[in-house]
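Below is one structure, written out as C-alpha cells; comments come after it.
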Amino acid sequence: MTTSVSFDPSKATERFYTMVKSLSEFDKLEVRGVIDTLLSKTGRDHCFIGTYYRSVANIGTLLGLKSPKHFQAIAMLARGLFELAVDIRLIDVIPDGSAKMIAFSDVEKLRCARKIVRFTAANPNASVDSTIYSSFVADNGQRIDNEQGTVWPNLKNKRVSHWSGRDLASRVAILKSPFDKIYEVNYPQLSWQVHSGLTGIINLQAATFTLMCGVAFKLAADSYWESLLTMIREFKIGKATAKIEEKLKAAKMLPFTDTPEQAEQLLRELLQ
C-alpha cells in the first residue's frame with residue numbers, strides 16, 4: 001500500500017526562510033564579532049569586509065519579508081546576495097582584485113558625475129543643481145582617468161562596467177560551481193522580478209508566488225553561505241573556533257530537521 005504526501009509550498013518556503021535566519025544567527029555568533037574588532041585593516045581587508053557588510057545588510061532586510069506579496073523584493077535581494085557572493089569570491093581570483101575594486105569606486109563616481117553634468121548642460125531648465133558634481137569632475141577627473149588607464153589598460157571602449165573588467169557570465173564561468181548552476185538555472189528567474197515585463201508573473205497560480213519566495217530564500221541562503229565561508233577562510237576565524245566550517249554547515253542544514261533527535265544526530269555527525 002502506498003500513500004501520497006501533499007506538497008505544502010508554504011511549509012517548504014518557511015524552511016528556506018528559516019535557513020536564512022539560521023545562517024544569520026551563526027554569523028552573529030561566530031563571524032561578525034571577529035570582523036567588528038579587526039584592527040589595522042588593509043585595502044584588501046576593506047574589500048572583503050565591505051562586501052560582507054553589504055550582504056549582512058541585505059540579509060537583515062530579507063528577514064523582514066515573509067509574505068508572498070513581497071516576492072519581488074525577496075527576489076531582488078536574493079539576486080543582490082548572489083552578485084555579492086560572486087564579488088567576494090573573485091577578489092582573490094582576479095589579478096590585483098582588491099586594487100581594482102577600490103579604484104572602480106572612483107571610476108563609477110566619476111562616470112555618474114559626468115552624466116549628471118552633461119544632462120544639466122543639455123537641459124538648462126531642469127531643476128538639477130550639478131555644482132557638486134561639476135566640482136568633483138574638475139578636481140578628480142584627470143586623476144581618475146589616469147588611474148583607470150593604468151589599472152585597466154586594455155578595455156574596449158574605455159568603459160569599465162565592473163571592477164573585474166568582466167561581465168557577470170564570465171565572472172561566474174571563472175568561479176564555476178556552485179555559481180555557474182545558480183547563474184544558468186535560477187538567476188533568470190530572479191531577474192524577471194527585477195526588470196520590467198510580465199515574464200515572471202503572467203498566468204501563474206497564487207501558490208506559485210509562495211514558491212518563488214522559497215526559491216529566492218534558498219538562493220539567498222546559498223549565496224550568504226558562500227560569503228560567510230569566504231570570510232571564515234580569509235580572516236582565519238577557524239583558528240579561534242574549532243570546527244567552524246562544520247558549524248556553518250549545521251546552521252544551513254538544521255532547519256530541515258523535524259525533531260530534536262534529528263538535530264542532535266546532525267550535529268554529532270558534523271562535529272565529531
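The values are calculated or read from the model by the stated rules, or taken from the named source; none is laboratory data. It should be emphasised that the depicted structure is a prediction, and the values quoted were computed from it without experimental measurement. When we count neighbours, we look across all protein chains shown, and the Cβ atoms used for this are built from the backbone with ideal geometry, even at glycine.
Overview of results
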| read-out | value |
| --- | --- |
| Count of the range 217-234 residues which are free of Cβ contacts under 8 Å to residues at least 60 places away in the same chain and basic (Lys, Arg) | 1 |
| Within the range 1-54, considering residues that are closer than 14 Å to SER227 by Cβ and acidic (Asp, Glu), the one modelled with the lowest pLDDT | GLU30 |
| Meets criteria (under 30 Å from ARG171 (Cα atoms) and either in a helix (DSSP H, G or I) or free of Cβ contacts under 8 Å to residues at least 24 places away in the same chain (or both)) for LEU81 | yes |
| Where a residue in the range 121-138 is farther than 22 Å from SER105 by Cβ and its partner, wherever it lies, is surrounded by 11 or more Cβ atoms within 10 Å (Cβ to Cβ) and of a type outside the set (Val, Ile, Thr), with Cβ under 9 Å and at least six apart | ALA121/SER130; ALA126/PHE119; VAL128/PHE119 |
| Considering residues of the range 185-208 that are of a type in the set (A, V, I, L, M) and either closer than 18 Å to ALA169 by Cα or surrounded by 15 or more Cβ atoms within 10 Å (Cβ to Cβ) (or both) only, the residue modelled with the lowest pLDDT | VAL194 |
| Pick from the range 114-132, criterion part of a loop (DSSP other than H, G, I, E, B) and among the hydrophobic types (A, V, I, L, M, F, W, C), ranking: surrounded by the fewest Cβ atoms within 10 Å (Cβ to Cβ) | ALA126 |
| Only one of SER134, SER55 that is out of contact with any Lys or Arg (no Cβ under 8 Å at 6 or more places or on another chain), within 30 Å of ALA216 (Cβ to Cβ) and polar (S, T, N, Q) | SER55 |
| Scan of the range 205-241 for residues that are over 19 Å from the mean Cα position of the chain (by Cα) and under 16 Å from SER10 (Cα atoms), ordered by number | GLN205, ALA206, ALA207, THR208, PHE209, THR210, LEU211 |
| Output for the range 250-272, where each listed residue is surrounded by fewer than 18 Cβ atoms within 10 Å (Cβ to Cβ) and either polar (S, T, N, Q) or closer than 16 Å to PRO178 by Cβ (or both) | MET253, THR257, THR259, GLN262, GLN265, GLN272 |
| Filtered residue count, the range 93-132, keeping only those that are farther than 22 Å from GLY43 by Cβ and under 29 Å from the mean Cα position of the chain (by Cα) | 5 |
| Meets criteria (under 22 Å from ASP92 (Cβ atoms) and in a helix (DSSP H, G or I)) for ARG15 | no |
| Failed item, numbered, when SER40 is tested on (1) out of contact with any helix residue (DSSP H, G or I) (no Cβ under 9 Å at 6 or more places or on another chain); (2) hydroxyl-bearing (Ser, Thr, Tyr); (3) assigned to a helix (DSSP H, G or I) | (3) |
